[in-house]
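The next block holds one structure in the form of structure tokens; read it before the comments.
Since every read-out is calculated from the coordinates, none of them should be taken as a lab result. Quick caveat: nothing in here was measured; it's all calculated off a predicted structure. Reconstructed Cβ throughout: ideal geometry from the backbone, glycine too, with neighbour counts over all protein chains shown.
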Amino acid sequence: MTGTPEFEQRLRDLARLRRVRDRMDREYAQPLDVEALARGAHMSAGHLSREFRRAYGESPYSYLMTRRIERAMALLRRGDLSVTEVCFTVGCSSLGTFSTRFTELVGVPPSVYRREAAGQTQGMPPCVAKQVTRPIRNQEARDGQPQLA
């Protein structure tokens with residue numbers, strides 16, 4: 001028994017969207033844009049954006065920026081790179097955009113996070129540190145409180 005053509009197309013689209021998301025997870029530091037991601041998935045940019053939001057609850061750009069901010073948080077906790085170095089290491093081309101998005105997701109600017117978070121996860125297994133420091137997606141940090149631990 002086979003599904004309807006619409007159902008089968010939806011399954012194909014979901015498989016393509018998973019590949020796009022996996023590519024963003026792998027290549028977050030590379031210059032990625034929706035047009036390039038859409039070409040790789042054999043979809044139009046508009047269709048990719050709509051279907052990605054429908055499947056994952058956020059735009060491809062928002063998802064990519066969240067991946068970059070998560071990686072930036074880990075690099076800032078290490079403390080051996082400046083905020084500017086971290087910005088470019090994670091694939092952001094604008095320090096202003098990086099700082100604004102970081103502050104929205106984490107609740108404090110990257111320089112404050114770097115200073116205050118360095119010792120917060122010391123001695124913690126990396127998998128636990130990643131979980132407890134994960135930024136808030138799809139909304140700004142609540143009450144302006146830092147999300148350090």
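Of note:
- Between the C-alpha center of the stretch 67-95 and that of the stretch 1-22 there is a gap of 34 Å.
- Among 43, 56, 32 the positive-end extreme of the charge dipole of the stretch 31-90 (Cβ point charges): 56
- Compactness of the stretch 5-57 is given as radius of gyration and Dmax, 10.8, 37 Å, from Cα positions.
- As a ratio to 2.2 N^0.38 Å, the alpha-carbon radius of gyration computed for the stretch 22-86 takes the value 1.28.
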